[in-house]
Each structure stands twice: as structure tokens, then as C-alpha cells.
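Data first, discussion second: the structure below is written as C-alpha cells.
Each value in this text was obtained by applying a stated rule to the coordinates, not by laboratory testing. Treat the numbers as computed from the prediction; the structure is a model and nothing was measured. Every residue, glycine among them, receives a Cβ derived from its backbone with ideal geometry; neighbour counts consider all protein chains shown.
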Amino acid sequence: MTQGKIVLMACGSFSPPTYMHLRMFEIARDYIHTLGLGTVVGGIMSPVHDKYGKKDLVAAHHRISMLKLALRSSAWIKVSEWETQQEGWTRTRLSLQHHQDTINQHLSSNRSDAPSWLPDDMLNVNSLDETDNRVTLNGNHETVTVKLLCGADLLESFATPGLWSEDDLETIVGRHGLVVVSRAGSAPDKFVFDSDMLYKYRRNITLVTNYIANEVSSTVIRRLVRRRESAKYLTEDAVLAYIRHHSLYGAALTSPQDVPMTSPEETSFKNILISLRDKPSIVDETLTVKRKKSNYLMPTMTDSISPIVDRPRQAYVDKVPVNYVPGKAVKIVSEGGGCPL
């Protein structure tokens, strides 16, 4: 049964955002569209307020900046700053309701002052009945629902005594609904079965299995940054650069593992001492190397090597010269650019 138009919303610290945070949106949208459960028209990432009090939670303006950097390539996921602008921490139920009400009000009045997080597709509707969240789009009635996107760990946290109020859970699951992305091998369906409240609203819960293992978390990235180790390929390079620039999570201003490598064509080929066999302590001969303008990856490339006291000769750079004596080192001085040996 189709659930009409859907806006996926994820609440969390995002300190820092990871590729898994972003992949959850893509995985959930694909699943919903493939099974014909509805049409995902937008995604919202809502970072928590600074007063949430979680360990290693950097200031909201940093987390918002990192999220915007991570989402530069996304055409449908946006950042909402609303929670961070409140006086304190906002419960998930209230945040979901605020974004649902804002969408409803905007669609019903066709206002021009749309919030920055409003999905682009929500701007192309005609009218909306706020009583049942139904919009009229080209004469067709379709529901618009903000659903909470989360992982199986958040679903299981519903069973933790005192962590969630019963009223909040009833509203989140009963009125908005859940889209739960879990790893292969977990059993969120059993957790739903074991909970009377979740089972009651099981039609509002969409369980999505992520078969591509991804254990990347904000905790892992913070740990690597704190240890001065590379976190490259765990999140966007722009996010890592931002972390280093602002020295977040104990990061140094520079990290050798994450500094972009200089192109081989830009490398200066000056006074390079190479040992062709062992590591001798003396230099027996000085050669002048003139680099040719060619692809250094091609196996047929040669360099013209001219000994100071001998006539010029041709030799492969990656091979031992025919006149080489074991234990002998060669000092090469280049007159042009090229790839370091």
C-alpha cells in the first residue's frame, strides 16, 4: 500500500557526519521506491542542540557547516538548523512535529518565505488540508508525511526504561512512522513483534536491510582524528579539511595521511641520492639526468644519462646500469622535472 509523499528526517549529533549517515537516506529511498511504498520527495538532517550534552559534541555551528559540506553533492537532502536554534534540547517528537507542521503550513498558504530545509518538490503543489496532511497536486490527493529515519539501535532504544516517554513513542510511530535501516543479520522485525506498542503500529514501520556492510561511525572518525591517523574515505575530504582547520576532536592543523599528494609532474628532481643495491656510505659517480617529457608510467620510457667524465649513454632508470659495481651509489642531478625515483 502506497504511503503517498514521504520526507525522511534523521535526528542526531552528526559530530562529525559520516558516509553512513548519508547512505541511510539513499538506501531507504531506493527501498521505498522499489516496493512502491510511496514517493520520497526530500530528506532532512536535523542536528541536536549543544545542550544535548553528549561527549565530543562540538558546537552546533561546526556540525552544521560539516553537514553542509558533506551534502554538497546531494540534490535532495538538506540541513535543518531549527533544533540548534532553540533554547535547549528538543525532544524528537517535537522536532518531527515542527517540521511536519511547517511543511503543512507552507503548502496550504503557498508562502514565498520557504525555510532552507524545505524539499524542492514541496514547492510544486497547489493546496493542502492540514487535518490529514493531504495535498492536492495536479488534481490528485496525496499524503505528505515526515517519517523518522533511523538505525536499528535507535529502534531498540525504545525498550530502555525512562529513555522515551510513552506519549512520545505513540506520536512518533503512530502519527509519523519509522523507516529503520539495519545491518544484515539483525532482527528488528522480532523487536517489533516483542513490543506491544511497536506491533500495534507495525504498518507505520518500514524495515530496510542494508546488505552492504558499513561500520563507519562518528566515534571511529573522532578516534582516528584524535590519534593523528587518517580518516580519509570515511567521510568527505571537505569535512576532514574542516576538522583540521578548526582543530576539532583534538586534530592537528595538518595530517600527513590526509594531505593531497603533489602531482609527479610538479615534483622537483634535485640532488636525489639513490642506492641501486645496498646502502653504501660513499658516492662513486655523479650523473646528470635530463628528463624527457613523456608518461612516466610507460615501460618503454628511457632517460638520457650523461656521466660527467664519460660519454653519454642510454639507460633505463628502473634498471641497474651495466657498469654498476655492487655497493656503489649514484648521485643524480636532474636538469628537468619528473617523477621521483
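Going from the residue with the fewest nearby Cβ atoms within 10 Å to the one with the most, D120, D196, D56 rank D196, D120, D56.
Pairs spanning more than 26 Å between alpha-carbon atoms, out of K54/K190; K78/K190; K54/K232; K51/K190; K5/K200; K54/K78: K54/K190; K78/K190; K51/K190. With neighbours defined as other Cβ atoms within 10 Å of a residue's Cβ, the residues E229, E236, E156, E87 order from fewest to most as E87, E229, E156, E236. Residues whose amide H comes within less than 5 Å of that of H49, counting only those at least five positions distant or on another chain, are T90 (H built at 1.01 Å from N in the peptide plane). In order along the stretch 13-23, the phi-based Karplus estimate (6.51 cos²θ - 1.76 cosθ + 1.60, θ = phi - 60°) of 3J(HN,Hα) comes to 7, 6, 10, x, x, 10, 4, 5, 4, 6, 5 Hz; Gly and Pro are listed as x. With θ taken as phi - 60° and the Karplus curve 6.51 cos²θ - 1.76 cosθ + 1.60 applied, the whole-hertz 3J(HN,Hα) list for the stretch 239-249 is 5, 5, 5, 5, 4, 5, 4, 9, 6, 7, 6 Hz, x standing for glycine and proline.
Taking Lys and Arg as +1 and Asp and Glu as -1, the other residues whose beta-carbon sits under 15 Å from that of S157 total -2.
Note on the stretch 5-215: with charges restricted to the Cβ of Lys and Arg (+1) and Asp and Glu (-1), its dipole about the Cα centre is near 400 debye.
For the stretch 5-215, evaluate the Debye formula with one uniform point scatterer on each Cα (no solvent term) and list log10 I(q)/I(0) at q = 0.08, 0.13, 0.16 Å⁻¹, rounded to two decimals. Here the Debye-derived log intensity ratios amount to -0.27, -0.74, -1.16.
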